[in-house]
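Novice: Dropping the structure in here first, questions after.
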Amino acid sequence: MNRTFHSRISIPAILTVVVMAALALFFFWQRTGVTALLGMVLFALTAMVVERLVHTEYEFTEDGHLMVRRGRWTAVKSIPLTDITGVKEEGAMFGFVKYVLVSYGANHHVALQPANADAFIEEMAKRQAKYNHLDNE
């Protein structure tokens, strides 16, 4: 059975959206052609950031892959669980942002922010043990 984890939305991500939206409104408030154009560009970027924050998810599939979806407009990254060499929980920005660093393949890394990091790591360990066991038989 597939298991899906949704992304955690951090405080810096919320602040980024608020600042971008405030700047877009400020540029719309000014009534010149250049600032209106900048306002439209910032508004579009804000919409893209919100879409990416809301629609990011991580899915463990039945065939032994971790599917990383970062919004509807980006490509899906598929990582075989048998290629994963390390998983550890990290922190950044003075502890405001916590993420799970997944190492796989030949020195590749991906930072993920699942809403429930402990359950995500447990599920990954359980599925890795299952698929590594199947590969050894």
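Novice: Restricting attention to the range 93-127, report how many residues are closer than 19 Å to Met1 by Cβ and of a type in the set (Lys, Arg).
Specialist: Selection size over the range 93-127: 2.
Novice: So, one more: Would you please list the contacts, defined by Cβ atoms under 7 Å and residues six or more apart or on different chains, that run from a residue in the range 1-19 that is under 17 Å from Val100 (Cα atoms) to a residue that is open to solvent by less than 90 Å² (accessible area, probe 1.4 Å) and part of a loop (DSSP other than H, G, I, E, B)?
Specialist: Phe5/Ala115; Phe5/Asn116; His6/Ala115; Ser7/Gln113; Ser7/Ala115; Arg8/Gln113; Arg8/Ala115; Ser10/Gln113
Novice: Counting only residues that are of a type outside the set (A, V, I, L, M) and open to solvent by 60 Å² or more (accessible area, probe 1.4 Å), which one in the range 100-131 is modelled with the lowest pLDDT?
Specialist: Looking at residues that are of a type outside the set (A, V, I, L, M) and open to solvent by 60 Å² or more (accessible area, probe 1.4 Å), I get Lys130.
Novice: Would you mind finding the one in Val68, Val19 that is open to solvent by less than 80 Å² (accessible area, probe 1.4 Å) and either more than 16 Å from His6 (Cα to Cα) or not in a helix (DSSP H, G or I) (or both)?
Specialist: The match here is Val68.
Novice: Only residues that are of a type in the set (Lys, Arg) and in a loop (DSSP other than H, G, I, E, B): list them for the range 72-114, please.
Specialist: Passing the criteria: only Arg72.
Novice: Take the conditions out of contact with any helix residue (DSSP H, G or I) (no Cβ under 7 Å at 6 or more places or on another chain) and within 30 Å of Gln128 (Cβ to Cβ) and apply them to Thr61. Does it pass?
Specialist: Answer is yes for this residue.
Novice: I'm trying to understand the selection: among the residues of the range 86-99, which are modelled with pLDDT under 90 and hydrophobic (A, V, I, L, M, F, W, C)?
Specialist: Correct list: Ala92, Met93, Phe94, Phe96, Val97.
Novice: What pairs can you find where one residue is in the range 117-132 and of a type in the set (D, E, K, R), the other is in a helix (DSSP H, G or I) and open to solvent by less than 30 Å² (accessible area, probe 1.4 Å), and their Cβ atoms are less than 8 Å apart, with a gap of 6+ or different chains?
Specialist: Arg127/Leu81
The values are calculated or read from the model by the stated rules, or taken from the named source; none is laboratory data. Bear in mind the structure is a predicted one, so any value in this text is a computation, not a measurement. FYI the Cβ positions are ideal-geometry reconstructions off the backbone, even for glycines, and counts take in every protein chain you see. These area figures cover heavy atoms from the full protein model, side chains too; ligands, DNA and RNA do not enter into them. Shrake-Rupley method; radii C 1.70, N 1.55, O 1.52, S 1.80 Å.
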